[in-house]
Amino acid sequence: MDDTPNPNLTDPLFEAGPLPVLLAIFVVALGAHVALGYLRQIERDRERRPVAAPFYVAMASFSLGSAVWSAAILCISTLDVSFSIGYSKTGLALAWLVSLLGALLPLALLARWKRAPAVGAAGLLLACSVVYTAMRLVDALGLQPQFRWGLDALALSFPAVAAGAIAGIWIGLAHDPRGRTRRRWWRFGAAMMIGFTTVVGLSLVLAAVPLGVEVASEFQKDVPRLVAGLGGGMMVPLVLAALALDLHMRQLRGHRSAGVAPHRQRIRRRGER
């Protein structure tokens, strides 16, 4: 019997059980909801403020890219290994940049076209970004000895993310004439779909790592897993919540500039039914 103490037993994130995974789903769902909201804001401000479109795309990319990066860190915090692990500072930063750029390409495409081919292409690009971001973060751990990825689990991760991303984007950007409240719930559901399938894909990427043969982390003293997990699990959701509030205030200003208060719009829609 192996009596080697497991350092994860003193890691609050590891002891939290499924909580980091649930938090990862919530973070990606919140990031997707904010990102899709900024894309819809482009349509609202197309005539009134056309120059704001690049800013909205940048905010959408920051929201979704940071959320995917945070979720990958939270999922890595649940790995059960018998040694302390940490991240390279450079590796963490590069993975974040990869995630931002990986979100920028599909969202910029959707900002210009929202037809079915563009939605499909955006979903595939986003899936590539999610899988590659997770792989970059695993590389940032500096696991020793070097390993080969398990191609079976890695191959399954891409379609898992792509299916949810395509369906979630399609639902989240679809126009529903049946009322604002119903649209809102459909969009929340679309964001949760993206969050769930993204975390499934991240879990499959981690399943492709042969942890049984790893004995050490080269960067365990650079950025400990607990520090990275708390930063990704606490700071990123707070930033996303601030962006969600900013988006809500922009929507309210848009309604007021149109000369109709939001509650009057709801009353008119009910009367039209």
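Brief remarks follow.
- Among 240-253, 197-210, sorting by the average number of other beta carbon atoms lying within 10 angstrom of each residue, highest first, gives 197-210, 240-253.
- For residue 220, residues with placed amide H under 5 Å, excluding near neighbours: 86
- A simple rule links phi to the HN-Hα coupling: the Karplus curve 6.51 cos²θ - 1.76 cosθ + 1.60 with θ = phi - 60°, which for the range 22-34 gives 5, 5, 4, 4, 5, 4, 5, 4, 5, x, 5, 4, 5 Hz, with x for Gly and Pro.
- Scoring 157-163, 32-38, 123-129, 58-64 by mean Cβ neighbours within 10 Å over their residues and listing the highest first yields 32-38, 58-64, 123-129, 157-163.
- Peptide packing for 147-156, 100-109 was compared via the average number of neighbouring C-beta atoms within 10 Å per residue; ordered from the highest value, the list is 100-109, 147-156.
- Element breakdown for the range 49-173 at a 1.4 angstrom probe: carbon and sulfur atoms account for 70% of the accessible area.
- Here the range 36-107 yields Rg over Rh of 1.18, to two decimals, using C-alpha coordinates and the Kirkwood radius.
The values are calculated or read from the model by the stated rules, or taken from the named source; none is laboratory data. Keep in mind that this is a model prediction, so the values were computed, not measured. Don't worry about glycine lacking a Cβ; one is built from the backbone with ideal geometry, like all the others, and counts go over all protein chains shown. Ligands, DNA and RNA are excluded from the accessible area calculation, which covers all protein heavy atoms including side chains. Shrake-Rupley method; radii C 1.70, N 1.55, O 1.52, S 1.80 Å.
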